[in-house]
Amino acid sequence: MKKYLLILLMLPVYKGVAAQEQSTLEKQADLLYARYEYARAASMYSRVANKKHVKTVTLERLADCYRQMNRYEAAATWYAKVLQQPGASPEAQLYYGDMLKSMGKYDEARAAFQRYASQVKNVEAITARLAGCDSAVTWMRHPEAVNISNVARINSGSSDWGAAYFPGGLVYVSDTLLKDQLQPGSKVNKNKYGRTGRDYYKIYIADTSERGEVYLHDFTSSFNRSRYHAGPVIFDSTFKHAYITLTNPGRKLRKEKSGTRPVMKFGYRRLELFSSSLMQDGRWSTLSPFPYNKADEYSLGQAALSLDNNTLYFASDMAGGFGKTDLWYCERQADGKWGLPVNCGAAVNTAEEEAFPTIAPDGALYFSSKGWIGMGGYDLFVARGSKNQWTQPENLKYPVNSPADDFYFITYPDGSNFYASNREGGKGSDDIYQLRRVEKAPIAPGLTIPFIGTVCMDDACIYIFNKDRAIGWCFMATPGREISLTLEQNTRYEIRVTYHGVTHTVQQFSTSGAAPGVMIRKDICIEKK
């Protein structure tokens with residue numbers, strides 16, 4: 001009897017110790033989360049999440065950690081659990097849909113987006129997401145005529161991306177940290193990057209021959225002496241001037257309210273842009289800061305140069321943009337200095353993220369976006385023009401794009417193409433892929449029928465679908481907009497409108513019997529209820 005009494009008396013003590021341990025773990029995880037050290041925070045949150053009586057905010061932060069690390073499946077698993085708890089935020093539903101979409105589960109993602117829209121009474125955030133679910137399925141059924149191959153001789157089990165052409169080799173960014181390849185003067189930070197739990201990025205060069213051993217080494221200690229991330233880097237047309245993105249070492253603290261108590265919130269280590277010139281002795285000069293760096297207010301990096309070297313494009317979240325990160329540019333002045341930053345405009349920028357701009361040898365702008373209609377996370381797009389005058393961005397479609405993140409597309413002078421992706425089947429988190437285009441036979445009977453559709457609504461996605469070849473074009477609706485296309489002869493078409501999460505087939509028509517050059521006009525409208 002005494003033994004049982006002793007056990008009963010000890011039970012509250014064990015419960016108290018367990019509760020205290022859980023509280024300590026949560027506090028440690030909360031601090032790491034506030035410091036954006038998602039890898040370590042996830043490890044601690046997962047220990048708390050497996051216990052009883054876990055707070056919804058703890059589960060949501062665990063899911064967010066995996067989302068920030070691009071671990072889509074783990075994030076989706078925990079968001080699903082969050083959504084079963086009371087007090088889950090509407091954003092958990094939105095992010096759950098994003099993770100499902102990045103896994104290629106488009107039907108489930110569409111349902112999650114629609115639930116989010118019904119909760120917040122706002123379809124603006126999901127219009128492009130829903131259209132992307134529909135487009136991705138169509139693009140995967142009818143892939144582009146390209147060959148995609150993993151550059152396995154360069155890629156590692158870690159993250160490799162940011163390929164740039166340099167005579168005699170391919171310069172790229174990696175967090176593999178090949179210490180034996182680093183030149184004297186390059187900094188080795190023994191700490192891990194808290195966001196991913198991996199090493200910091202450095203810039204390497206590998207020869208691009210496809211035979212024999214791959215020779216890989218530190219590009220230059222002038223770029224890699226940064227204590228934190230170094231890269232990507234781009235070069236002007238002479239390959240004597242370089243622009244390098246580095247992570248600023250400082251970050252400020254601020255107080256933010258979390259629940260009922262204030263917590264210290266660490267600022268990001270923001271990106272900055274630097275330049276360097278190749279000297280006569282073959283070394284790169286000391287880095288010079290770009291005049292519009294302002295790491296205490298915004299990030300600025302990922303540079304690209306126009307063909308004449310007189311326009312510098314970059315990504316930034318500085319004030320005055322359209323969304324989270326935008327594409328901007330500066331023009332070289334008569335005295336050689338860079339003029340004030342100008343936004344590239346609504347033709348390429350959205351309310352979401354645009355990043356990783358590059359300029360091809362034909363002057364085309366390639367960039368990645370989460371705001372235009374796409375297959376998953378970042379999708380690759382191409383637009384033509386310059387400065388703040390651009391054509392509508394064109395999605396590079398499947399298999400160039402995938403449900404995962406696809407970014408940093410470059411074209412070599414010889415016409416070969418490289419880009420980065422964290423798609424399934426790679427060697428590491430991000431891999432470099434090579435793209436080779438396959439010549440397609442001309443399509444008969446040819447594009448000869450002009451078409452104009454006049455839009456009467458807003459907050460909708462318009463999809464003009466070629467039923468005979470199962471391809472289509474997506475447009476965002478604004479009242480009075482005129483959509484101009486050239487259609488094929490003797491072909492069936494369908495106009496679909498996605499409005500408030502619901503897709504309507506508003507018109508079906510055919511170009512059979514239409515004479516070449518005779519305009520077809522349609523009003524694109526649905527009754528709003």
Which listed residue is touching a residue at least 40 places away in the same chain (Cβ under 8 Å), farther than 20 Å from Asp431 by Cβ and within 18 Å of the chain's Cα centre (by Cα), from Ala163, Ala75, Ala131: Ala131
Which numbered condition Phe322 misses (of (1) of a type in the set (Phe, Trp, Tyr); (2) free of Cβ contacts under 8 Å to residues at least 40 places away in the same chain; (3) surrounded by 19 or more Cβ atoms within 10 Å (Cβ to Cβ)): (3)
The range 128-171 - residue that is part of a helix (DSSP H, G or I) and among the hydrophobic types (A, V, I, L, M, F, W, C) and, of those, surrounded by the fewest Cβ atoms within 10 Å (Cβ to Cβ): Val137
Hey, Ala125 modelled with pLDDT under 95, under 21 Å from Arg496 (Cα atoms) and surrounded by fewer than 18 Cβ atoms within 10 Å (Cβ to Cβ) or not: yes
So Leu83, is it out of contact with any Leu (no Cβ under 8 Å at 6 or more places or on another chain) and either farther than 20 Å from Lys370 by Cβ or touching a residue at least 60 places away in the same chain (Cβ under 8 Å) (or both): yes
Strands (runs of 3 or more DSSP E) enclosed by the range 253-308 - at least 1 residues per element that are at pLDDT below 60, more than 18 Å from Ala230 (Cα to Cα) and over 26 Å from the mean Cα position of the chain (by Cα): 253-258, 261-266
Single residue of the range 310-319 satisfying the filter (of a type outside the set (Ser, Thr, Tyr) and open to solvent by less than 30 Å² (accessible area, probe 1.4 Å)) that is nearest to the chain's Cα centre (by Cα): Ala315
Residues located in the range 333-363, provided they are assigned to a loop (DSSP other than H, G, I, E, B), touching a residue at least 24 places away in the same chain (Cβ under 8 Å) and either under 22 Å from Leu130 (Cα atoms) or open to solvent by less than 50 Å² (accessible area, probe 1.4 Å) (or both): Pro341, Cys344, Gly345, Ala346, Ala347, Val348, Asn349, Thr350, Ala351, Glu352, Ala360, Gly363
Qualifying position, being surrounded by fewer than 20 Cβ atoms within 10 Å (Cβ to Cβ), among the aliphatic types (A, V, I, L, M) and closer than 20 Å to Met44 by Cβ, among Ala80, Ala74: Ala74
Meets criteria (in contact (Cβ under 8 Å) with a residue 60 or more places away in the chain and hydrophobic (A, V, I, L, M, F, W, C)) for Ala514: yes
Scope the range 504-520; condition modelled with pLDDT under 85 and exposed (fewer than 15 other Cβ atoms within 10 Å of the Cβ); matching residues: His504, Thr505, Gly513, Ala515, Pro516, Gly517, Val518
Residue match in the range 135-149 (condition: modelled with pLDDT of 90 or more and closer than 30 Å to Thr238 by Cα): yes
Among residues of the range 491-503, those that are open to solvent by less than 70 Å² (accessible area, probe 1.4 Å) and either free of Cβ contacts under 8 Å to residues at least 24 places away in the same chain or within 27 Å of Asp459 (Cα to Cα) (or both), counted: 8
Qualifying positions in the range 473-528 - touching a Leu at 6+ places or on another chain (Cβ under 7 Å) and polar (S, T, N, Q): Thr486, Thr498, Thr511
Residues (more than 19 Å from the chain's Cα centre (by Cα) and not in a helix (DSSP H, G or I)) located in the range 102-127: Lys121, Asn122, Val123
In the range 468-490, the residues that are in a loop (DSSP other than H, G, I, E, B), in contact (Cβ under 8 Å) with a residue 40 or more places away in the chain and surrounded by 13 or more Cβ atoms within 10 Å (Cβ to Cβ): Ala477, Gln489, Asn490
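The values are calculated or read from the model by the stated rules, or taken from the named source; none is laboratory data. Please read these numbers as outputs of a predicted model, since none were measured by experiment. A quick note on method: Cβ atoms are made from the backbone with ideal geometry, for glycine too, and the neighbour counts reach across all protein chains shown. When the accessible area is computed, the model is the full protein with side chains, heavy atoms only, and any ligands, DNA or RNA have been set aside. Shrake-Rupley method; radii C 1.70, N 1.55, O 1.52, S 1.80 Å.
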